């Protein structure tokens, strides 16, 4: 950790180095060894009991009835007889041995007299069982009692430990990471340069607080990381911990909650107390919306456990007692759920937004995850980055890992472009499904996907078709990929209308070729209908004017169960406008397909033969697409000609 110029810093470091960390329960401790010894002694006692009450020789020697013993004595075949209770061990003159049994209360000599056999010629030994019978009586009498006492002892001991552990519910479950552990730095994070810049200032403050105090700057109390799933919020928090070199406490929002009332608030107090003792430090709360939701929206009244936990966090971050050199980093993908008191300056002073990476960010992320993986010379990072528009950092990492798995599955030493393309498709749509389908179903699927591709290809504001396939993936029977050619942050009305027409191209092809509809277009219709409704109600892109009719209610804006109301007449107008947009897109798709019917047949027949067409193969069949740039160039040239 870099040296700070604070005079008290060295003393703090010495005290921290001498501080004993909370022990982590491990198997093999004193209590576990004690239990092992007790269970071992019980096992030995039971073993001794069974040894003394059973004779292992009984299982090794053959058993004969008592009549055989009497006959062998009559025939003078026996050399020696040994009597041990009801057990009779017989050794013949030829060296063979066997055992027999008699009644415990009857004498063997009485049996000989009844059979008129003279046993005087046979050596008979009667063993004294007084000692063994006494021990057997003791064990059978007292051993069950001892076992019962030990059983209840353990029951009461567990109950006592359970009662004492109630007081440990209030202890924080946060995991503390020290600077000696393997760390992640900002060099391991890419694609979020603006967020890194914001957090680097936080790290610099922890390293050199005197530089900021000299100009009157105070410690930022909290930093909130906001962004979609997979954009690197947790990874950034780990990088902050690695760069700062200070104690780092990591905890999930759900770990504060228990069934006991007040446990969450107690754990918050304990967590901040630990962090203040080791200050400067960082507390990272992942999925903070699970405890930071807006108050007053629950059904448990003012004493809701979640609200009490949130109240304690608010007090700890910016309450009456000062909170110095402890920075709280929160991560969420639902900032609309958070309480306004938690979001205000003085608590979370900084709000760092993480978006999906642009092309440069994707290239940087790909380079990081390519380390340690062998790639072929033909692999182009620029091409991969353009192919993966809309991928998050987690998607890119998963894609490269899937590509490596595909290469290893085929026992190849390097990853090639085919592996990357298949991995990217698998990440978005799922793995291939080898299922048997009839020729008629394959033909309908081929024309359906060809309809999407032809409409997308000949509409000027739609991105180029990247791949067409009739191979099943996930819940789809086929797919037509039209990824964005560039990173866009806004959409135009023209592009949205042409996108709706492209989505309806598959249904239009089914009607044009077969005069029939299939259920395969259900997902296309759902997306098109949702997009049309958003154009009317949220984007103001309809004949109803630039008005938002049904804004999405933010959590806490309206009471639960209440929504924005529109009149029945206006609702009917909205429905008619949505239907008009859908019908217009459908007619446009049918018009394109009717004019390009030979191309539609050609693409469908080729799909039936090859099952998958890449962009180059598709454009060889139908020609090059007209891009947005070419459309603008033609419009500008026509305008100049009209002016001339």
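Annotations
- So residue 501, is it within 34 Å of the chain's Cα centre (by Cα), at pLDDT 85 or above and under 25 Å from residue 549 (Cβ atoms): no
- Considering residues of the stretch 364-383 that are under 26 Å from the mean Cα position of the chain (by Cα) and without any contact (Cβ under 8 Å) to a residue 60 or more places away in the chain only, the residue surrounded by the fewest Cβ atoms within 10 Å (Cβ to Cβ): 372
- Evaluating residue 394 against the criteria (1) over 30 Å from residue 280 (Cβ atoms); (2) assigned to a loop (DSSP other than H, G, I, E, B) leaves one unmet condition, (2).
- Residue match in the stretch 194-206 (condition: within 21 Å of residue 249 (Cβ to Cβ), at pLDDT below 80 and either assigned to a helix (DSSP H, G or I) or assigned by TED's automatic domain parsing to the domain that holds residue 332 (or both)): yes
- Total residues in the stretch 334-354, condition within 24 Å of the chain's Cα centre (by Cα), in a loop (DSSP other than H, G, I, E, B) and buried (at least 17 other Cβ atoms within 10 Å of the Cβ): 1
- Residue list for the stretch 178-193, restricted to those being in contact with a helix residue (DSSP H, G or I) (Cβ under 6 Å, 6 or more places away or on another chain) and either surrounded by 15 or more Cβ atoms within 10 Å (Cβ to Cβ) or modelled with pLDDT under 55 (or both): 183, 184, 186, 189, 190, 191
- Matching residues, the stretch 59-96, being in a loop (DSSP other than H, G, I, E, B), out of contact with any strand residue (DSSP E or B) (no Cβ under 8 Å at 6 or more places or on another chain) and exposed (fewer than 13 other Cβ atoms within 10 Å of the Cβ): 60, 75, 76, 94, 95, 96
The values are calculated or read from the model by the stated rules, or taken from the named source; none is laboratory data. Computed from a predicted model, the values in this text were never measured in an experiment. Glycine gets a Cβ as well: all are built from the backbone with ideal geometry, and neighbour counts include every protein chain shown.
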